[in-house]
Amino acid sequence: MMEYKLSSEYKPAGSQPKAIDKLVRGLKDNLRYQTLLGVTGSGKTYTMANVIAKVGKPTLVMAPNKTLAAQLYSEFRQLFPHNAVEYFVSYYDYYQPEAYLPATDTYIEKDADINLEIEKLRHRTTSSLLARDDVITVATVSAIYGLGSPQEYMKASLQIKLGGVNTRDNLIKSLIDMHYERTNIQPTEGQIRVRGAQIDIHPYYSRHIIRVKADEIVEEIKSIDKLTGETHEKLDSIRVFPAVHYIISEERKNKALDLIREELRERVVELENEDKLLEANRIKQKTGYDMELISELGYCKGIENYSRHLEGRKAGMPPYTLLDFYPDNWLCFIDESHISIPQIRGMYAGDRSRKETLVDYGFRLPSAMDNRPLNFDEFTQKLNQVIYVSATPGGYERGRSSQIVEQLIRPTGLIDPVVEVKPASGQVNDFMGELKRVTEKKERVLVTTLTKRMSEDLADYLQKKGFRVKYLHSEIDTLERIDILAELREGVIEVIVGVNLLREGLDLPEVSLVAIMDADQLGFLRSETSLIQIIGRCSRNVNGKVILYADRMTDAMQAALNETSRRRRIQFEYNRKHDIKPRTIEKRIHERIIEQEKTRGVREEVELDMPADEIKRLMEDAALRMDFEQAIYFRDLLKAKKDGS
């Protein structure tokens, strides 16, 4: 059992002590499936943290979207400052998958915009899982997509020991084989710099640069601060992991090329026998070009479509995913399970439908079908022990769980918010009056619409009326969403207009008013479950109030109102019995996931001791790369040296 050090000034309260005790007992009794049914604001995250601390297992917390994942990540980092808390989500800010539309004979090439900051966090996750036992990872559905073999990733890593026999040249060659790039200036993530016997390594997953001095043996290992260049820690040994997740040996690559060549031959014969000559020629040209690139460069665009051969998997075998980086005895929380479970279940079918078309028309080999997310059965088979977490668990979780643990009483004594129903006609003007009343008290507001266009139009209208407002929907990139929510808490903005992003899990105690536009419209966004979740967004504030704008009472609205009234009665009675006065949750605003650095980088230990011609060469190299900021830096350094400064 690994020690997880929970750091908090609070103690479990309300329903939390009983819930923690029951869940821990269930895990120790080897119950595979449990459910934590906790109302919004009852401290489900704190309950999860206490369970993790008591059972001491590597843990994966799955969230239904990047915004909620980011919030959970920040909270767990605060609760476990001495353990490895990691963040694993899709690194795409924009993603257009490869596709073919037979009806119009249109081929769409894969296009993507990768967020390098998130890529660093993904590398940090995998390296932590292989190097430590005290890891908590917060992830989205990205955890069930192909990632590369953890065995190959570990096998390709480099262990450097103080006093070990390892020449400078061997270290450099090993790092290059691990896909680190060599540079002559300050190394960024995934780069190394060599100065005499000194090698500076900047792994993707590290906040520090690793400095190794070696000639025939390793003389010194230390981590240095990439901001100041000062020594952070002297080390006896360090394991350096590859700069990419898909890492294959030369032997494995050659075997894969033979397998791809054989599959291509069989596929061409098959297509020609079906008189599909165009498709046969297309797959021959496309795959031949990819094979040439893999052979020469070890990489091609869309290399993941050959992952089955590159990883040595048999047809139909599931891909390696983040789940394979966990040891046998681990714990999984599926947060907001009523959303997460259907989401996980749907990933496989959508991906397969698109791939089948590409294979049928000669754009991909059949083995590309094995570059896929896990199907739901494969996902459940990889799980060890699971706790589903939701205020509104679905039928699947209820039917699967050996026990359902309820957490209805909030530690703060807060009662579910008052809910009012107002006419939808004239809803914008009425909402503006409510908005003015709330913002005058320095409290915050959320308003949810049915479409992205409506959220943008309403945000523009409110802005013209003098309110500090922003909209929030799925087209806003991951890190900007997090900043918008932080700005709301800080008071930079007063109101956020959104669609379904204003539902599960958002923890905003400053919000005292939630307005639901067109609450009587039928559909997923106005179902009973959705309405209960939206109502919960202001249950962390003692002045919480929800307005449903509707011209008729739907079954979903009535069910949500009834459930809210039932919970209010139970909570009110508990407070009366224990003489509890409700109070608004006090929660500090977490730091951003990505720390913005406003410095040029590492201060060179040798700065002004460098020869003038070396500084001049670095300046010219930077200018040739059109990195003018770096060129100016070396120019000023050269001038300072000449002036004797």
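The table below gives the values:
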quantity	calculated
Filter result (surrounded by fewer than 17 Cβ atoms within 10 Å (Cβ to Cβ), in contact (Cβ under 8 Å) with a residue 24 or more places away in the chain and of a type in the set (G, A, S)) within segment 93-146	A99, A131
Given (1) more than 30 Å from the chain's Cα centre (by Cα); (2) modelled with pLDDT under 90; (3) closer than 20 Å to S128 by Cβ, index of the condition Y205 fails	(1)
Residue match in segment 297-313 (condition: charged (D, E, K, R) and over 22 Å from E109 (Cβ atoms))	yes
Single residue of F363, F431 found to be aromatic (F, W, Y) and assigned to a loop (DSSP other than H, G, I, E, B)	F363
Test result for A19, in a helix (DSSP H, G or I) and under 14 Å from Q407 (Cβ atoms)	yes
Extreme residue, surrounded by the fewest Cβ atoms within 10 Å (Cβ to Cβ), among residues of segment 50-67 that are out of contact with any Leu (no Cβ under 8 Å at 6 or more places or on another chain) and within 19 Å of D133 (Cβ to Cβ)	G56
Test set (1) in contact (Cβ under 8 Å) with a residue 60 or more places away in the chain; (2) more than 22 Å from the chain's Cα centre (by Cα); (3) closer than 27 Å to Y396 by Cα - P17 fails condition number	(1)
Selection status of E219, farther than 17 Å from A197 by Cβ, surrounded by fewer than 16 Cβ atoms within 10 Å (Cβ to Cβ) and in contact with a strand residue (DSSP E or B) (Cβ under 9 Å, 6 or more places away or on another chain)	no
Within segment 299-317, tally of residues that are at positive phi and surrounded by 14 or more Cβ atoms within 10 Å (Cβ to Cβ)	2
Candidates R168, R207, filtered to the one that is within 25 Å of E117 (Cβ to Cβ) and in contact with a strand residue (DSSP E or B) (Cβ under 9 Å, 6 or more places away or on another chain)	R207
Matching entry among G190, G196 (being without any contact (Cβ under 8 Å) to a residue 60 or more places away in the chain, surrounded by fewer than 16 Cβ atoms within 10 Å (Cβ to Cβ) and on the phi > 0 side of the Ramachandran plot)	G196
Matching entry among R437, R453 (being closer than 21 Å to S530 by Cβ and assigned to a helix (DSSP H, G or I))	R453
Of residues in segment 106-163 being among the acidic types (D, E) and in a helix (DSSP H, G or I), the one nearest to E378 (Cα to Cα)	E152
Top-ranked residue of segment 285-298 - restricted to ones that are touching a helix residue (DSSP H, G or I) at 6+ places or on another chain (Cβ under 8 Å) and either exposed (fewer than 12 other Cβ atoms within 10 Å of the Cβ) or of a type in the set (A, V, I, L, M) (or both), ranked as modelled with the highest pLDDT	M291
Residue tally, condition closer than 23 Å to S539 by Cβ and in contact with a strand residue (DSSP E or B) (Cβ under 8 Å, 6 or more places away or on another chain), over segment 437-470	13
Y246 vs. criteria within 24 Å of R372 (Cβ to Cβ), of a type outside the set (K, R), in a loop (DSSP other than H, G, I, E, B) and in contact (Cβ under 8 Å) with a residue 60 or more places away in the chain	yes
The listed residue being modelled with pLDDT of 75 or more and closer than 30 Å to F524 by Cβ, out of R635, R566, R576	R566
Residue match in segment 64-82 (condition: assigned by TED's automatic domain parsing to the domain that holds L130, touching a helix residue (DSSP H, G or I) at 6+ places or on another chain (Cβ under 6 Å) and in a strand (DSSP E or B))	no
Single residue of segment 429-480 satisfying the filter (among the aromatic types (F, W, Y) and more than 25 Å from D93 (Cα to Cα)) that is surrounded by the fewest Cβ atoms within 10 Å (Cβ to Cβ)	Y461
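Condition check ((1) among the basic types (K, R); (2) within 30 Å of L6 (Cα to Cα)) across all residues:
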position: L129; (1), (2): no, yes
position: S142; (1), (2): no, yes
position: L175; (1), (2): no, no
position: Y180; (1), (2): no, no
position: V194; (1), (2): no, no
position: R207; (1), (2): yes, yes
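The values are calculated or read from the model by the stated rules, or taken from the named source; none is laboratory data. Source: prediction; values computed, not measured. As a convention, Cβ positions derive from the backbone with ideal geometry for all residues, glycine included, and neighbour counts pool all protein chains shown.
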